[in-house]
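Single-structure report; data block below.
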Amino acid sequence: MNNRRLLPALPVATGLVAALLTGCDVSTDSTSSHLVVGMSDSVLSVDPASGYDPGSWVVFNNVFQSLLSFPRGSTEPQPEAAQECSFIDEDTKVYKCILKDGLKFSNGDPLEADDVKFTFDRMLRINDPNGPSVMFQALKRVETPDRKTVVFRLKSPDATFPSKIASGAGSIVGRRQYDPGSLRKDSRAIGSGPYKLDSFDNREAVFSVNDNYKGTAKINNKGIVLRFFNGDQVAFKRALLRGDVDVAYRGLQAPDIADIGLHGKKQGLDVVEGTGVEVQHLVFNLKDPVVGHLAVRKAIAYLLDRDDLIKSVYHDTAVPLYSTIPTGIVGHSAAFFDLYGSTPSKKAAAEALANAGFLEKVRLTLWSTPTRYGASTDAELASIAQQLNASGLFQADVKSVKFEQYEKDILADKYGVYVKAWVPDYPDADNFTAPFFGPGNVLSNNYRNSTIIQKIIPSTAAERNRRKTEDQYRRLQTIVAEDLPMLPVWQSKQYVVVQKAVRGYEYCLDASTVFRFWELYNA
């Protein structure tokens, strides 16, 4: 999230599987006052040096503090464990934070500047492939001139650094409780956030209020039980309808959300829609002998009917996406709409192919994996293949494989067209562009544009006033729309389904993607 945000089915951190299978049972009596939140995602690690997936960050955002955090409804990071933070140079290469007084971890240990340094040094030293260290490759070193002061020195300018440390990747751990060179081998998590993690197994995690917490969150409940359905969406819906779940977050199938929206009030359920910034793209491998031709990629762009796809497969739980940067994020434009339109054009597609010498049907395989991208992914790809074939210009089919094989084959350049989904680490256009089109290119599609890599990404990264990056990001999106290394398909809507007595859920759904346990309560 991956990269966490490419939503892979990552392996659980070393030692955690055993801890999950032997986790202690939780007495119903001890949690009778707790609200129950359900989700179909798994929590792949409770160690912030490893977890880089949506489920793990739900835990991190509630158990750990970061120096900064995203207030409800805001994409601008504000002080959390820090009293204040700021760049102290013009080049955005030196960032300084002063900690609040009296910070403590849930076990009573003091939280000091050395713990912050320890956290980032540990993350980079471990460099877990399933962890967030990839976000901090520009971090040169962390200095602690005194017990309350932390100074980050960067290798290159990065105005988005405050957003990075405000995310789950900035979760602070204590130097007295974590090994500096290896991940925890148990299922314990000791942080300074609003909640303590009391127990954790493969069925549920139980959280109680952390009395040592000193931060900005106002806690409105006595605790939370986070119940895992591990991809079993049928069981998830059944538990919700029985009243065993108070809040359903992440993982209900689109038809179930639509059905509950129509009939749920009779059973005391409300469907609540919020801002969503998860996106999905078709990715084109530019080394592929078929889609390596720009004309083929253009023909697909001209033929894709996003509206029909979203209606027939996703039951209007998403919206069409015509950009690499979604709506709601500074820098968004509709470059793909401008170039290829929203209404399918067989004429434009045929002209693009004919001008490039394609006079027969183009044979194409679309590759899918539902393991992590959701049960609807195969149906979505089948619908796209049907759209292409209906034009008479393509002979497309769909193949679906397990995620582990899927990722290996992508890296081996075995696929021409495949699907990728992305949930941002932080709500900034940088996180929807640099990972895809920068030096690291997590899409693994052999795309490189020197203007984007050498000029646009460095200049936007250095700009503190994010509003001033809009023109550059629009330019980037136009270049990508013209080169077509990928084709945006949809942007999610965020949903929770709640029992009628639950309140506070409206503060859990915004572009920051932070699910705030402390906002929830029963009326």
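Points to keep in mind about this one:
- Hey, residue 496 over 21 Å from the mean Cα position of the chain (by Cα) and either within 28 Å of residue 339 (Cβ to Cβ) or open to solvent by less than 20 Å² (accessible area, probe 1.4 Å) (or both) or not: no
- Of the listed requirements (1) open to solvent by 10 Å² or more (accessible area, probe 1.4 Å); (2) assigned to a helix (DSSP H, G or I), residue 230 misses just one: (2).
- Within segment 69-87, restricting attention to residues that are surrounded by fewer than 18 Cβ atoms within 10 Å (Cβ to Cβ) and modelled with pLDDT of 95 or more, the residue that is farthest from residue 147 (Cα to Cα) is 78.
- Residue, farthest from residue 476 (Cα to Cα), within segment 438-465, restricted to residues that are among the small types (Gly, Ala, Ser) and either surrounded by fewer than 16 Cβ atoms within 10 Å (Cβ to Cβ) or out of contact with any Pro (no Cβ under 7 Å at 6 or more places or on another chain) (or both): 444
- Selection from segment 148-207 of residues that are assigned to a helix (DSSP H, G or I) and of a type in the set (Lys, Arg): 164
- If only residues of segment 324-341 that are of a type in the set (A, V, I, L, M) and part of a loop (DSSP other than H, G, I, E, B) are counted, the one that is surrounded by the most Cβ atoms within 10 Å (Cβ to Cβ) is 325.
- Number of the exception - residue 507 against (1) assigned to a helix (DSSP H, G or I); (2) buried (at least 22 other Cβ atoms within 10 Å of the Cβ): (2)
- Subset of segment 88-129 (residues that are in a helix (DSSP H, G or I), open to solvent by less than 60 Å² (accessible area, probe 1.4 Å) and either hydroxyl-bearing (Ser, Thr, Tyr) or in contact with a strand residue (DSSP E or B) (Cβ under 6 Å, 6 or more places away or on another chain) (or both)): 113, 116, 119, 120
- First in segment 391-405 and within 16 Å of residue 303 (Cβ to Cβ), second anywhere and outside any helix (DSSP H, G or I) and open to solvent by 50 Å² or more (accessible area, probe 1.4 Å), Cβ under 8 Å, 6 or more apart: 391/344; 392/361; 393/361; 394/361; 394/363; 395/361; 395/363; 396/363
- Applying a threshold of 6 Å to beta carbon distances and a minimum spacing of six or more residues, or different chains, the list of pairs starting in segment 244-268 at a residue that is more than 22 Å from residue 224 (Cβ to Cβ) and ending at one that is part of a strand (DSSP E or B) and among the hydrophobic types (A, V, I, L, M, F, W, C) reads 261/271.
- The criterion of being in a helix (DSSP H, G or I) and either modelled with pLDDT of 95 or more or farther than 17 Å from residue 381 by Cα (or both) does not hold for residue 358.
- Top-ranked residue in segment 130-145 [being over 26 Å from the mean Cα position of the chain (by Cα) and open to solvent by 80 Å² or more (accessible area, probe 1.4 Å); ranked as nearest to residue 109 (Cα to Cα)]: 145
The values are calculated or read from the model by the stated rules, or taken from the named source; none is laboratory data. Source: prediction; values computed, not measured. In this analysis, Cβ positions are derived from the backbone assuming ideal geometry, glycine residues included, and neighbour counts consider all displayed protein chains. Heads up: the accessible areas ignore ligands, DNA and RNA and are worked out on the full protein's heavy atoms, side chains in. Shrake-Rupley method; radii C 1.70, N 1.55, O 1.52, S 1.80 Å.
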